[in-house]
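As structure tokens, the structure follows; a few thoughts come after it.
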Amino acid sequence: MQHRPEIDGLRAVAVLPVVLFHAGVTAFSGGYVGVDVFFVISGFLITGLIKEDLEAGRFSILGFYNRRIRRILPALVFTALLTSVAAFVFLLPNFLVDFSKSLVSVSTFVSNFYFWKASGYFENSAHLRPMLHTWSLAVEEQFYIFMPIAAFLVYRFLGKRWLLIFGLGALASLALSIYATQVGPTANFFLLPTRAWELLLGALLAALPARTKSGWVSQVGSLLGLSMIAWAVFTYDEATPFPGAAALVPCIGTALAIYFAHPQQTFVGRILTWKPMLFIGLISYSLYLVHWPIAVFWRYLTLELTPGALGAAAIIVASTVLAAFSWKYVEQPFRKRGKASNLQVIGVGVAALAVVGGIGAFGWATNGLPGRFPPDALPQSAESTAASWRNGTCFLEGNLDYSRWSAEACVINSQGDVPTLLWGDSFAAHYVPGLVETANGSAARIYQYTAAGCPPVLSYYSFARPNCRPFNEHALNLIDELGVRRVILSARWVDLRLRGLDQLRSTLDALHARGLEVYVIGQSPMFITDVAVVAARTGGDSWTISIDAGINEELRVLSADAKFIDPLDTFCEGDRCLYRVDDQFLYWDYGHFSGAGSARAARAYMPLGATAP
């Protein structure tokens, strides 16, 4: 396939917004769409090479994987090894275990599945997961498994229907992505079935007739394409439902730029082949790989969620320097074809991945090597705290089998005469230790009905946790059976905000129709990382929270016909919130209350009286 320098420049257009977005440059609020630009470029180049080999009669599956291994693995393994050194030095045990698990998933090309399943609950903040960005590589690697075979079969038996078959596949994937935007946004973001259309768009482009090299159509088409990418980069943000229909803008823009930009005869082509753009494009793969771990460790060591100007500049410069080194001394030498056979190259690639996976398995098996730190520097274990939530019966995980729920086992203050249902996810369950301590003798007889990852929203559906809906629907049955008169709703609302907080109305309307007294507890404080890390770094008792406090104002307005409680009023002054009082941590991780924090919250604002306070 003829080298096209403007596509190297387009890689720069893809990677620069991603790096600037992750470095905290706020103007690039939609910089994450650079990944989608990469997907379209990859689909175009890979399919073009496969199609060219098929037409020349030299196509080889082993040869294809030889080239992919030479292109992908050296820089990936280099980055994984460097990141592992930093992780084993700096990360607390629970962070190192998470990192180690992600390293195993990277070595088996399933990191997108790992981060999908581990997103939302009991995981370290996304900003502190050094290998999180490899989800996109996993999507491409999975595409590389299926596409060569599919292309061969289509070319061999249905050669004249290439555009039709892959076009239908792209449409089906796009339709699924649009549907999943609401019902499964996390799965939509991470998984191949809802991302395949972006790669297939590039594949379709590779099958079109030769592009026009001059004229106003090329000028307009390439300018429109680049403008669509820029529009997404500067107008989208983390609240934009994505990918879904929103991804059409940068993806179609990329397709237009690929098809119409010409190095000499279009304005966009000349921009893309400007020497600085070509340089960034050449190192773009290494730059993508190294920039995120650098940004993660910057945040981990400074505890600042958003780097300032100097921090952003340091992340960008360090990433560029390391990427240039990786490109010259790692990528380039390994990409040169030697005398090694396809099987030998594949064998070396598998061995390198085994080393990466072995490092991850070691960190995982040793529980993050806790001996690296003094015991008083370690946070309380999730297991010991979650046990007080009555896991398996009153706080459900896994398949969320609510048949295991027992009113007798899950009641707090059984002598109370106001039947009350505490309904929600882990951010409802973390009030249980405090209620056990404070509710005795009060009017409230509280039934704990909580499940991991399930906000108390009747309309909520998740591909990752499909049993959330029946679990939530069963709450209405319990309300009727137990004669519940008061319902307390609490959740990690920041997750629901990505889908739309107005979904909570489905629950509020159903409860009000029953004439119940309803309380909505707003989002409690969440920090960038475990409070033990914050304490070790700062030595203080309060720190800035990592959430937008405005979410509670949105919830207050939404639940105007209920009684709203704002936990931030109890724990915070401005954007700084207490995480420790009298040498006792109020949280056992980044946001779930410890026993002391739960008791403090329960005494301050949990509705335990006979009537509304």
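The values are calculated or read from the model by the stated rules, or taken from the named source; none is laboratory data. Computed from a predicted structure; not experimentally measured. A quick note on method: Cβ atoms are made from the backbone with ideal geometry, for glycine too, and the neighbour counts reach across all protein chains shown.
Suppose we keep only residues that are in a loop (DSSP other than H, G, I, E, B) and in contact with a Leu (Cβ under 6 Å, 6 or more places away or on another chain) within region 442-498. Which one would you say is surrounded by the most Cβ atoms within 10 Å (Cβ to Cβ)? The residue in question is Pro456. Looking only at residues of region 88-101 that are crowded, with 21+ Cβ neighbours inside 10 Å and at pLDDT 95 or above, we find that the one that is farthest from Trp588 (Cα to Cα) is Ser100. Quick one: Tyr121 ticks every box in (1) at pLDDT 95 or above; (2) assigned to a loop (DSSP other than H, G, I, E, B); (3) hydroxyl-bearing (Ser, Thr, Tyr) bar one, so which box is it? Among (1) at pLDDT 95 or above; (2) assigned to a loop (DSSP other than H, G, I, E, B); (3) hydroxyl-bearing (Ser, Thr, Tyr), the lone unmet condition for Tyr121 is (1).
The helices (runs of 4 or more DSSP H) falling completely within region 519-588 that include 2 or more residues that are β-branched (Val, Ile, Thr) map to 531-538, 550-558. Residues of region 519-541 that are buried (at least 18 other Cβ atoms within 10 Å of the Cβ) and among the polar types (S, T, N, Q): Gln523, Ser524, Thr529. In region 361-382, the residues that are modelled with pLDDT of 75 or more reach residues that are among the β-branched types (Val, Ile, Thr) and part of a helix (DSSP H, G or I) with C-beta atoms within less than 7 angstrom, at least six apart or across chains, in these pairs: Ala361/Val104; Gly363/Val97; Trp364/Val97; Trp364/Val104; Asn367/Val97; Gly368/Val97. Of the numbered criteria (1) surrounded by fewer than 19 Cβ atoms within 10 Å (Cβ to Cβ); (2) farther than 30 Å from Ala207 by Cα; (3) not polar (S, T, N, Q), the one Ala312 fails is (1). Residues in region 294-346 that are in a loop (DSSP other than H, G, I, E, B) and closer than 30 Å to Ala536 by Cα: Leu303, Glu304, Leu305, Thr306, Pro307, Gly308. Residues that are within 22 Å of Ile528 (Cα to Cα) and outside any loop (DSSP other than H, G, I, E, B) within region 589-601 comprise Phe593, Gly595, Ala596, Gly597, Ser598, Arg600, Ala601, listed in sequence order.
Does any residue in region 296-318 that is in the same structural domain as Asp548 (by TED's automatic domain parsing) and closer than 20 Å to Ile545 by Cα come within less than 7 Å, Cβ to Cβ, of a residue that is of a type outside the set (Asp, Glu) and surrounded by fewer than 16 Cβ atoms within 10 Å (Cβ to Cβ) six or more places away or on a different chain, and which pairs are these? Within 7 Å, no pair qualifies. Among the criteria (1) hydroxyl-bearing (Ser, Thr, Tyr); (2) more than 17 Å from His291 (Cβ to Cβ); (3) surrounded by 20 or more Cβ atoms within 10 Å (Cβ to Cβ), the one Tyr32 does not fulfil is (2).
Only one of these is farther than 30 Å from Thr450 by Cα, in contact with a Phe, Trp or Tyr (Cβ under 7 Å, 6 or more places away or on another chain) and assigned to a helix (DSSP H, G or I): Leu199, Leu163. Name it.
On the way: Leu163 fails: in contact with a Phe, Trp or Tyr (Cβ under 7 Å, 6 or more places away or on another chain).
Answer to the selection: Leu199.
Considering only residues that are of a type in the set (D, E, K, R) and at negative phi, look in region 383-438 and name the one that is modelled with the lowest pLDDT. Selected residue: Glu383. Inside region 205-220, residues that are free of Cβ contacts under 8 Å to residues at least 60 places away in the same chain and either under 33 Å from the mean Cα position of the chain (by Cα) or not assigned by TED's automatic domain parsing to the domain that holds Ala118 (or both) make up a count of 0. Is there a residue being in contact with a helix residue (DSSP H, G or I) (Cβ under 7 Å, 6 or more places away or on another chain), within 16 Å of Tyr285 (Cβ to Cβ) and surrounded by fewer than 20 Cβ atoms within 10 Å (Cβ to Cβ) anywhere in region 46-62? No: zero hits.
Within region 189-202, can one find any residue that is crowded, with 22+ Cβ neighbours inside 10 Å and of a type in the set (Ser, Thr, Tyr)?
Taking region 189-202 as the starting set, the residues that turn out to be crowded, with 22+ Cβ neighbours inside 10 Å are 189-191, 194-202.
Okay, now just the ones that are also of a type in the set (Ser, Thr, Tyr), so 194.
Yes, region 189-202 has at least one match.
Within the set Arg499, Arg556, the sole residue that is basic (Lys, Arg), over 25 Å from Val418 (Cβ atoms) and either in the same structural domain as Glu481 (by TED's automatic domain parsing) or modelled with pLDDT of 90 or more (or both) turns out to be Arg499.
Hey, does region 510-518 have a residue that's under 27 Å from the mean Cα position of the chain (by Cα), surrounded by 18 or more Cβ atoms within 10 Å (Cβ to Cβ) and on the phi < 0 side of the Ramachandran plot? There is no residue in region 510-518 that is under 27 Å from the mean Cα position of the chain (by Cα), surrounded by 18 or more Cβ atoms within 10 Å (Cβ to Cβ) and on the phi < 0 side of the Ramachandran plot. Scoring Ile565 on the criteria (1) buried (at least 21 other Cβ atoms within 10 Å of the Cβ); (2) of a type in the set (Val, Ile, Thr); (3) within 24 Å of the chain's Cα centre (by Cα) leaves a single failure, condition (3).
Restricting to helices (runs of 4 or more DSSP H) lying wholly in region 1-93: which have 2 or more residues that are within 19 Å of Gln142 (Cβ to Cβ), touching a residue at least 40 places away in the same chain (Cβ under 8 Å) and of a type in the set (Val, Ile, Thr)? Steps first, please.
Working: elements: 5-22, 34-56, 61-90.
Correct list: 34-56, 61-90.
The residue of region 570-613 that is surrounded by the fewest Cβ atoms within 10 Å (Cβ to Cβ), among those that are among the acidic types (Asp, Glu) and within 32 Å of the chain's Cα centre (by Cα), is Glu573.
Within this structure, Val350 fails the test of being outside the structural domain of Leu586 (by TED's automatic domain parsing), farther than 25 Å from Asp589 by Cβ and at pLDDT 95 or above.
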